[in-house]
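Structure record follows, encoded as structure tokens.
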Amino acid sequence: MARSPIRKVLDTLQRHRLGNERWARSKGVTIGAQCRIVSDIVTSEPWLVTLGDRVTISSNVELITHDGSGSLVRDERGRRYRYAPIRIGDDVFVGAGVIIMPGVEIGDRVVVGAGSVVTRSVPSDTVVAGIPARAITTWAEYTNRVSGWKAHDDMQGDTYRERVDSIAEGLLPMRTEARSSDR
């Protein structure tokens, strides 16, 4: 059943007031500890979604817990329906714009690359990307590569911009004259 325009507005206001994590919990999504949720992950069947500990859900991620195409098949028994849970393990990063389809289970220590469409379950210790999502490396290889990146302790500065600029790749330091002329 479609939500009324007024219900949609009220839901949006409540989501902004509570934040994405508390909003999702209030609708029935099971969420572990220390999760970061940037997207509105509440589906039409929120009780079918489970997130483990330390899961990051980036922006514009869609979790789809049903397949509506089955409604096209009709006979004496009526339309067909498919509903299936989505389970995401511990220490998982889901990149921006990812779509996760019904019945997918994502193991522990997994990275799902931005823009991927996950149509099959992903085993633990895997990095996947693409349409459809496929394994591109192992967790061990990924963490070995990332361990060479700058760390939190390398950041310097008082503002967010100063801290990011202090570790950003490819930035040239601004000359003092250029900074003062911008004012």
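No value in this document is a laboratory result; all are computed from the given coordinates. None of these values were measured; they are calculated from a predicted model. With ideal geometry, Cβ positions are generated from the backbone for all residues, glycine too; neighbour counts draw on all protein chains shown.
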### Summary
Given the conditions (1) surrounded by fewer than 18 Cβ atoms within 10 Å (Cβ to Cβ); (2) part of a loop (DSSP other than H, G, I, E, B), every one holds for SER26 apart from (2)
### Task
Out of ARG74, ARG79, report the one residue that is charged (D, E, K, R) and either touching a Ser or Thr at 6+ places or on another chain (Cβ under 8 Å) or within 24 Å of VAL38 (Cβ to Cβ) (or both).
ARG79
### Message
Name the single residue that is nearest to ILE57 (Cα to Cα) among those in segment 98-135 being β-branched (Val, Ile, Thr) and outside any strand (DSSP E or B).
### Response
VAL98
### Summary
Among residues of segment 29-62 being of a type in the set (Gly, Ala, Ser) and touching a Leu at 6+ places or on another chain (Cβ under 9 Å), the residue surrounded by the most Cβ atoms within 10 Å (Cβ to Cβ) is SER39
### Message
For segment 63-99, give me each residue that is buried (at least 16 other Cβ atoms within 10 Å of the Cβ) and among the basic types (Lys, Arg).
### Response
ARG87
### Task
Take segment 135-166 and flag every residue that is exposed (fewer than 14 other Cβ atoms within 10 Å of the Cβ), of a type in the set (Lys, Arg) and more than 18 Å from ASP91 (Cα to Cα).
LYS150, ARG161
#### Entry: Residue among THR43, THR50 that alone is within 25 Å of GLY95 (Cβ to Cβ) and not in a loop (DSSP other than H, G, I, E, B)
THR50
### Query
When segment 1-22 is examined, which residues are found to be closer than 26 Å to GLY103 by Cβ and either touching a residue at least 40 places away in the same chain (Cβ under 8 Å) or in contact with a strand residue (DSSP E or B) (Cβ under 9 Å, 6 or more places away or on another chain) (or both)?
ASN20, GLU21
